[in-house]
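The values are calculated or read from the model by the stated rules, or taken from the named source; none is laboratory data. None of these values were measured; they are calculated from a predicted model. Please note: Cβ atoms are built from the backbone with ideal geometry, for glycine as well, and neighbour counts cover all protein chains shown. Remember, those area values only see protein heavy atoms, side chains included, never the ligands or the DNA or RNA. Shrake-Rupley method; radii C 1.70, N 1.55, O 1.52, S 1.80 Å.
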Amino acid sequence: MVDDEKIVSEDMGVQVEKNENMEMRSFGTVKRWATKRSLWMVHYCTGCGGIELAPLMTSRYDMERFGMHPMVTPRQSDVLLITGYVNIKTLKRIIRTYEQMPDPKYVIAFGSCPINGGPYWDSYATINHLDKYIPIDLYIAGCMPRPQSIVRAFEDLMDMIQDGTADGYMRYKKYYEPYKANQEKIFRKWW
Amino acid sequence: MSEQEIAERIAKFPGADVEVLRKGQIAVKVPAEKGHDAAAYLKKMGFAHLVAVEYVDWIKENEFELVYNLFSYKMKMRAFLKVRIPRDKPEYITFMDLWPIAMTHEREAHEMMGIVFRKNPNLTPFILEDWKNLPPMRKDFDSRKYVKDKYDSIPFAEGGEQ
């Protein structure tokens, strides 16, 4: 079994024992290169940003030239795109979706609402900071970001996967307790 | 038929205060106890469609206002039936016997404003999730304080400043 996570966690600055050899290291590079070239995105839209995904998926901006394609189930997906404001009802679905996705998985927060609330910062219904509840790899600022920004974000995400800096799923494991505590603080009941 | 003629016909209902707002819009104010009869009267006149039940919080006058937004396909005209109920005892009778869809509109008014509609069997939680506070559309509900207490007090899971 190739220990890809150890290599990546070494990049993060975490101490690991020096037992992996160069072959394993290069295999990890190839594996990450393959991962970044076949990303599957959960076909899930929240808020108003879903409207920007239609030109992105279709011929105008053509997401498929990056090897990306929407996937209808979270269990076969790699990327979760949060496309707008998140309220408590949606957050429960997002966490459920995120936890069903297999590793490695990446989250992109899209627009200003998941970053800090955006125009809904004082609304009783929307949670303001999404990164208090699940880890986020990449933010796209703007309201709304144009499809060009999303394309740029995907390119950045691919670079981050190659570098090993897209480590949200590992941070979720490392800080699992505080994340779960935060989620339970705002949910009265789960379903 | 013009707005004036229809307004005159509506004004025959005892206790109705009728006002033509603009083209195709008529406001009808009635006392709360006559609201149901007035709604039946308007429905008989041709205002057959209940578009929405709106609710206004007049906090200085200590009253809630219910606005029944009615539409007539024959006359191409809207009628706003307005009744006021006391804020301390927000109770009213359901209009489900006239328009069955009133059940859903009243369910929303119950959740967002806390108005209880007697004889409506379905006043269960509707849109809000896990809500245990004052109904959020009331004027005395402080949204910013709620956000500060509920969401902004949560720390970042991986540390760091707010």
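The amide H of A:TYR124, built 1.01 Å from its N in the peptide plane, has no neighbour under 5 Å, considering only residues 5 or more places off or on other chains.
In this view, the solvent-accessible surface of B:HIS110, computed with a 1.4 Å probe and all protein chains in place, comes to about 50 Å².
Each residue of the stretch A:42-49 was assigned a 3J(HN,Hα) from its phi angle through the Karplus expression (A = 6.51, B = -1.76, C = 1.60, θ = phi - 60°), giving 5, 7, 9, 10, 10, x, 8, x Hz with x at Gly and Pro.
The heavy atoms of B:THR94 offer some 10 square angstrom of accessible surface to a 1.4 angstrom probe.
Interface between chains A and B: roughly 2200 Å² of accessible area buried, both sides summed (probe 1.4 Å, protein heavy atoms only). Computed from phi, the 3J(HN,Hα) profile of the stretch B:13-23 under the Karplus parametrisation 6.51, -1.76, 1.60 (θ = phi - 60°) reads 5, x, x, 8, 10, 9, 9, 8, 7, 7, 4 Hz, with x in place of Gly and Pro.
Computed over the alpha-carbon atoms, the protein assembly as shown gives an Rg to Rh ratio of 1.14, Rh here being the Kirkwood radius from the mean inverse distance. Rounded to the nearest 10 degrees, the inclination of helix A:22-36 to the longest alpha-carbon principal axis of chain A is 30 degrees. Comparing each chain alone with all protein chains together (probe 1.4 Å, DNA, RNA and ligands left out), the residues of the stretch A:167-191 losing at least 10 Å² of accessible area are A:ARG171, A:TYR175, A:PRO178, A:TYR179, A:ASN182, A:LYS185, A:ILE186, A:ARG188, A:LYS189.
Mean per-residue shielding of peptide B:141-151 is 4, counting Cβ atoms of other chains within 10 Å of each Cβ. Note that chain B presents 55 Å² accessible area per residue, ligands and nucleic acids not counted, probe 1.4 Å. Counting pairwise Cα distances across chain B, what percent come out greater than 26 angstrom? The calculated P(r) of chain B puts 38 percent of pairs beyond 26 Å. Relative to the longest principal axis of the Cα atoms of chain A, helix A:88-100 runs at roughly 20 degrees. Taking amide H as placed 1.01 Å from N in the peptide plane, B:ILE26 has its amide H under 5 Å from the amide H of B:LEU21, B:ARG78, B:ALA79, B:PHE80, each at least 5 places away in sequence or on another chain. Normalised by residue number, the volume inside the convex hull of the Cα atoms of the stretch B:1-60 is 109 Å³ per residue. Computed from label points 7 Å out along Cα-Cβ, the spacing between B:LYS23 and A:GLN162 is 6.3 nm. The stretch A:90-147 to the stretch B:69-99: how many Å between their Cα centroids? Their Cα centres are 40 Å away from one another. Restricting attention to the stretch A:40-186, the count of lysine pairs at 8 or more positions apart or across chains with alpha carbons under 21 Å apart stands at 19. Computed per residue of the protein assembly as shown from DSSP H runs no shorter than four, each worth -39500 (n - 2.57), the mean residue ellipticity at 222 nm is -10000 deg cm²/dmol. Gyration tensor over the Cα atoms of the stretch B:67-162: the corresponding equivalent ellipsoid has semi-axes (square roots of 5 times the eigenvalues, largest first) of 36, 15, 14 Å.
Per residue, the convex hull spanned by the Cα atoms of chain A amounts to 120 cubic angstrom. Here B:ASP149 and B:ILE127 are evaluated by their C-beta separation; at R0 = 22 Å the FRET efficiency comes out at 0.55.
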